[in-house]
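The values are calculated or read from the model by the stated rules, or taken from the named source; none is laboratory data. These figures come from a predicted structure and were not determined experimentally. Backbone-built Cβ (ideal geometry, glycine too); neighbour counts: all protein chains shown. Surface accessibility is based on the protein's heavy atoms, side chains included, excluding ligands, DNA and RNA. Shrake-Rupley method; radii C 1.70, N 1.55, O 1.52, S 1.80 Å.
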Amino acid sequence: MTGQSAVSAAKAALKSQAIELPSWAFGNSGTRFKVFAQPGVPRSPQEKLADAARVHAHTGVAPTVALHIPWDRVDDYSVLAAHAGDLGLRLGAVNSNVFQDDDYKLGSVTHPDPAVRRKALGHLLQCVDIMDATGSRDLKLWFSDGTNYPGQDDIAARQGRLAEALSAVYERLGEGQRMLLEYKLFEPAFYTTDVPDWGTAYAHCLRLGPKAQVVVDTGHHAPGTNIEFIVAMLLREGKLGGFDFNSRFYADDDLMVGAADPFQLFRIMYEVVHGGGLASDIAFMLDQCHNIEEKIPAIIRSVMNVQEATAKALLVDGEALAAAQRAGDVLGANAVLMDAYNTDVRPLVAEVRDELGADADPLAAYRASGYGQKIVADRVGGTQAGWGA
């Protein structure tokens, strides 16, 4: 592919890209030690959608918003979906929450008490009901379940309880609906986590069937883990359902995607592009915690970082790379990737946004819009949204 045709193909692919925004990223969130409240933070799901619409207006590639239940609870979810439509948005994945109630201290769907397991399963099934009302495709499941001490519970039995709950949810899914199973190495459980890695998630999803897919949170791995290998394997097996994009320096830091290791983000996106994932049903969602930075600009920056990493991945010269790999040209093959990574794609992505009717410089446009000052003035009083609200 010639240089110009490669650029044209990259632009077409970038225009079709969709990055899902997490509703909770617009609320107050932080660390286990402190959540710093900010002025202008949304007080309702409707105000979260208004902020998300502002991000989409400036970037052109963020048309869906993921919900978190019960943080985004409303009386009528079909009305909320219609409101999102009025803002030019759609409601995306429904995220369950079986980790904040006191009953879940020893687990939710893997808890040794059947009554607690029934309560947790009831919530998951309620989330599917919400999907029916919102038209959402994906149910995203993350479990904090695990143990802190050897002997605390039966490891194998907990896997059986997990499989039983997942099977019940799977059977409840409707036509065109999926469940995305997330994994996390540790925290809040420190001895065993019931879904600690991609292999465990993959095994459960494989047993369940085609509606069960694995979601990769880029912050949920041990230091030095080759995340792009995991991505390539799940793509190859048809089991990569989505991403939770963020950055980490040490553990599950939930920083802006691309902030800690932009080269890793590029490598991940290269495997996505190379494996045909960009044109598939993979959900590209942000999952971040903006504690000290302004929330809307941080989310805009995150969308831009994903776009730029994707653009670089699209510019990899596949023919030259394959030729170098066949010849055993180690340095030559690496140079092909590095040439793409070192390309300044910001003008290209700015052109894409401009052609989409968005803003070439989304952050500058947001600053000039006065929206940040307006929401600070308007959103006085009430209870700000945040963890647990």
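Right, A115: out of contact with any helix residue (DSSP H, G or I) (no Cβ under 7 Å at 6 or more places or on another chain) and in a strand (DSSP E or B) or not? Considered against the rule, which asks whether it is out of contact with any helix residue (DSSP H, G or I) (no Cβ under 7 Å at 6 or more places or on another chain) and in a strand (DSSP E or B), A115 comes out as no.
Only a single item in (1) of a type in the set (D, E); (2) open to solvent by 50 Å² or more (accessible area, probe 1.4 Å); (3) part of a helix (DSSP H, G or I) is not met by E308, and it is number (2).
Annotation: of all residues in the range 319-330 being in a helix (DSSP H, G or I) and surrounded by 13 or more Cβ atoms within 10 Å (Cβ to Cβ), the one that is nearest to the chain's Cα centre (by Cα) is L321. Among the residues of the range 86-124, which ones are on the phi > 0 side of the Ramachandran plot and surrounded by 14 or more Cβ atoms within 10 Å (Cβ to Cβ)? Matches in the range 86-124: G107 only.
Among residues of the range 273-296 that are closer than 17 Å to W24 by Cβ, those with a beta-carbon under 9 Å from a residue that is open to solvent by 40 Å² or more (accessible area, probe 1.4 Å) and assigned to a helix (DSSP H, G or I) at least six positions away or on a different chain give the pairs E293/R301; I296/R54. Here is a check on your reading of the model: is Y170 part of a loop (DSSP other than H, G, I, E, B), touching a residue at least 24 places away in the same chain (Cβ under 8 Å) and not small (G, A, S)? So Y170 does not fit the description; no. Apart from one condition, L180 fits all of (1) surrounded by 13 or more Cβ atoms within 10 Å (Cβ to Cβ); (2) under 27 Å from R32 (Cα atoms); (3) free of Cβ contacts under 8 Å to residues at least 40 places away in the same chain; the exception is (3). Looking at R207, R172, just one residue is open to solvent by 40 Å² or more (accessible area, probe 1.4 Å), modelled with pLDDT of 95 or more and over 20 Å from A120 (Cα atoms), and that residue is R207. The single residue among F33, F26 that is in contact with a Lys or Arg (Cβ under 7 Å, 6 or more places away or on another chain) and not β-branched (V, I, T) turns out to be F26. Scanning the range 129-159 for residues that are open to solvent by less than 10 Å² (accessible area, probe 1.4 Å), in a helix (DSSP H, G or I) and out of contact with any strand residue (DSSP E or B) (no Cβ under 6 Å at 6 or more places or on another chain) gives a single hit, R158. Of the candidates N342, N291, N334, the single residue that is surrounded by fewer than 20 Cβ atoms within 10 Å (Cβ to Cβ) and within 30 Å of P39 (Cα to Cα) is N291.
Reported count of residues in the range 240-259, each being in a loop (DSSP other than H, G, I, E, B), open to solvent by less than 30 Å² (accessible area, probe 1.4 Å) and not aliphatic (A, V, I, L, M), is 3. Mind checking whether some residue in the range 22-37 is at pLDDT 95 or above, open to solvent by 10 Å² or more (accessible area, probe 1.4 Å) and under 16 Å from I300 (Cβ atoms)? Within the range 22-37 (the criterion being at pLDDT 95 or above, open to solvent by 10 Å² or more (accessible area, probe 1.4 Å) and under 16 Å from I300 (Cβ atoms)), the answer is no, since none of the residues qualifies.
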